[in-house]
Amino acid sequence: MIDFLIIGGGVIGTALARELSHCKGRTVLLEKGRSLSGVQSTHNSALVHPPAMMPPDKGKLKSVLGKKGSFLHQQLARHFDVPVFHNGAIVTARTEEELQKLHRLKQQSEAEGIDTITLCSREELLEREPNLHPDVKGGLFMPEAMSADTSVLTERLAANARLNGAEIYTNTEVTALKKSAFGFEAETKEGRVFQSRFVINAAGAASGFIAGMIEDKVPFEPVSRRGEYLVLSRQAAGFINHIIYPPPTSLTKGVLIIPQPDGTIRLGPTDTQQKDFRSALPTKEGIDQIRHEVNMLAVELPYHFEERYYAGIRSSITDPDFYIRPSEAYPRLIHLAGLDSPGVTASPAVASYVLTEIIQNIEPVERKTEPNLFGY
Ligand SMILES: Cc1cc2nc3c(=O)[nH]c(=O)nc-3n(C[C@H](O)[C@H](O)[C@H](O)COP(=O)(O)OP(=O)(O)OC[C@H]3O[C@@H](n4cnc5c(N)ncnc54)[C@H](O)[C@@H]3O)c2cc1C
């Protein structure tokens, strides 16, 4: 008999498996793919967003967990020796109006206690980043921002969970979920049956599909949104030395320049709604749009070092906030939906929230006396 069955081994499900492995009880994670974090968690910008870029107007829970996660993520990266590119971010403005927006963002952040942001003049920015577009008017420097290797992080979270007794199975797709005398019964494609007292639906863009296996009415409305990228090879390393954001809009963070720990540079993402929640491919229009938008951020981009294109699917829902709640019909079934950006950043905070604010409210869970916190 399992106590906690997690469906989905992206960065969220795996961080939760580690968190639960530090508690008493049997934790099992089932992942459909050949490896963990093979879907959304590695088809993204790999950015650990700085706290100021996660304001509450895009979702209160998202903002709280994003900010907490940004801090926890830095700690985890250190403890688990995760490769990072940690040189901070520059949020740029090209017009007076955008500059005013950045002033307001700085003030709003300071009111929330974030006092690490520096307002930079055009000259200061060009000194830091000579390849920025000369039309830049000014910007904000945010030192916390970094990109991190989410594959390595997930691998190490999983290794730590296993050291603490969790069982993690890849190539294991859940095809049916129903109520049983013990709690829940999950059946896999190969016909294996797992009985568990709790089920945590952490299936990313497929969380609506999983919920639909057992709920009469899925309590959130999934919307899949494709994000495309163009990658410059590591020969382009050093062309840009910070993460570069365009001025934030009310909808998305826009198309960015994101140097990676391995020396490559990711340019993207686009944001297009699509029907298919299982896979996404880059399109010519998407790549053209990226080039167009990036050319407004920097000059003489070394496109001759283009290495590859890829796309990821955001596991969005119609509500902009994260949806992390127990099912109304079955309180021991917990849905994690709408965990789009900044889900990677927030992942350690999401794991802790699910344990302390959801599961512990349903029944007490005892922590192990001496769990191995950072071994892998
Ligand atoms: C274009 C784009 C850019 C982004 N940029 C950033 C960023 O810079 N910073 C940031 O913090 N966040 C970013 N995000 C968001 C971030 O990637 C997600 O929030 C995060 O990856 C969500 O993790 P997850 O574990 O919930 O989902 P996933 O990684 O999708 O994991 C879900 C897992 O469930 C598995 N699964 C599905 N169905 C089943 C089944 N039936 N049985 C078993 N397993 C199943 C899947 O195979 C998958 O591995 C971005 C997302 C996208 C798409």
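Assorted remarks:
- Any hit, the range 59-77, residues being assigned by TED's automatic domain parsing to the domain that holds F322, away from the ligand (no atom under 16 Å from the Cβ), free of Cβ contacts under 8 Å to residues at least 40 places away in the same chain and open to solvent by 10 Å² or more (accessible area, probe 1.4 Å): no
- Among the criteria (1) on the phi > 0 side of the Ramachandran plot; (2) in contact with a Pro (Cβ under 9 Å, 6 or more places away or on another chain), the one E300 does not fulfil is (2).
- Within the range 41-56, residues that are among the aromatic types (F, W, Y) have Cβ atoms under 6 Å from residues that are open to solvent by 10 Å² or more (accessible area, probe 1.4 Å) and near the ligand (Cβ under 7 Å from one of its atoms) in no pair, counting only partners at least 6 apart in sequence or on another chain.
- Residue within the range 10-22 that is within 13 Å of the ligand (Cβ to nearest atom), open to solvent by less than 10 Å² (accessible area, probe 1.4 Å) and either within 28 Å of G238 (Cα to Cα) or in a loop (DSSP other than H, G, I, E, B) (or both) present: no
- Taking the criterion of being surrounded by fewer than 16 Cβ atoms within 10 Å (Cβ to Cβ), more than 13 Å from the ligand (Cβ to nearest atom) and hydrophobic (A, V, I, L, M, F, W, C), the residues of the range 164-201 that qualify are A181, F182, V193.
- Of the residues making up the range 275-296, those that are within 24 Å of the chain's Cα centre (by Cα) and of a type outside the set (D, E, K, R) are F277, S279, A280, L281, P282, T283, G286, I287, Q289, I290, V294.
- Strands (runs of 3 or more DSSP E) completely within the range 95-169 that count 1 or more residues being under 25 Å from the mean Cα position of the chain (by Cα): 138-142, 146-148, 167-169
- Matching residues in the range 333-370 - criterion: being touching a Ser or Thr at 6+ places or on another chain (Cβ under 7 Å) and either within 23 Å of T150 (Cβ to Cβ) or open to solvent by 20 Å² or more (accessible area, probe 1.4 Å) (or both): H335, L336, A337, G338, L339, D340, V344, T345
- Positions within the range 100-111 being open to solvent by 60 Å² or more (accessible area, probe 1.4 Å), in contact (Cβ under 8 Å) with a residue 12 or more places away in the chain and closer than 19 Å to G66 by Cα, in sequence order: Q108
- Filtered residues of the range 23-40 (kept if within 11 Å of the ligand (Cβ to nearest atom) and either surrounded by 23 or more Cβ atoms within 10 Å (Cβ to Cβ) or in contact (Cβ under 8 Å) with a residue 40 or more places away in the chain (or both)): L29, L30, E31, K32, G33, R34, S35, L36, S37, V39, Q40
- Residue list for the range 257-274, filter: closer than 20 Å to S315 by Cα and either within 12 Å of the ligand (Cβ to nearest atom) or within 17 Å of the chain's Cα centre (by Cα) (or both): G268, P269, T270, D271, T272, Q274
- F277 vs. criteria at pLDDT below 95 and buried (at least 16 other Cβ atoms within 10 Å of the Cβ): yes
- Filtering the range 81-94 to residues that are under 18 Å from the mean Cα position of the chain (by Cα) and hydrophobic (A, V, I, L, M, F, W, C) leaves V82, V84, F85, A89.
- Residue count, the range 280-297 (criterion: in a loop (DSSP other than H, G, I, E, B) and either open to solvent by 30 Å² or more (accessible area, probe 1.4 Å) or farther than 22 Å from G204 by Cβ (or both)): 6
- Put simply, of E363, E307, E370 the only residue that is closer than 30 Å to L232 by Cβ and at pLDDT 95 or above is E307.
- Under the condition of being assigned to a strand (DSSP E or B) and in contact (Cβ under 8 Å) with a residue 24 or more places away in the chain, the residues counted in the range 176-193 number 7.
Residue-wise test of (1) out of contact with any Cys (no Cβ under 6 Å at 6 or more places or on another chain); (2) not aliphatic (A, V, I, L, M).
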position	(1), (2)
G88	yes, yes
T92	yes, yes
E97	yes, yes
L102	yes, no
I114	yes, no
I117	yes, no
G139	no, yes
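- Which listed residue, of G238, G204, is open to solvent by 10 Å² or more (accessible area, probe 1.4 Å), on the phi > 0 side of the Ramachandran plot and away from the ligand (no atom under 16 Å from the Cβ): G238
- Filtered residues of the range 11-52 (kept if polar (S, T, N, Q) and either under 16 Å from the mean Cα position of the chain (by Cα) or at pLDDT below 95 (or both)): T14, S37, Q40, S41, T42, N44, S45
The values are calculated or read from the model by the stated rules, or taken from the named source; none is laboratory data. For clarity, every value in this text was computed on a predicted model and none was experimentally measured. Because the Cβ atoms are built from the backbone with ideal geometry, glycine has one as well, and the counts that use them run over all protein chains shown. Note: accessible area is taken over every heavy atom of the protein model, side chains too, but ligands, DNA and RNA are not part of it. Shrake-Rupley method; radii C 1.70, N 1.55, O 1.52, S 1.80 Å.
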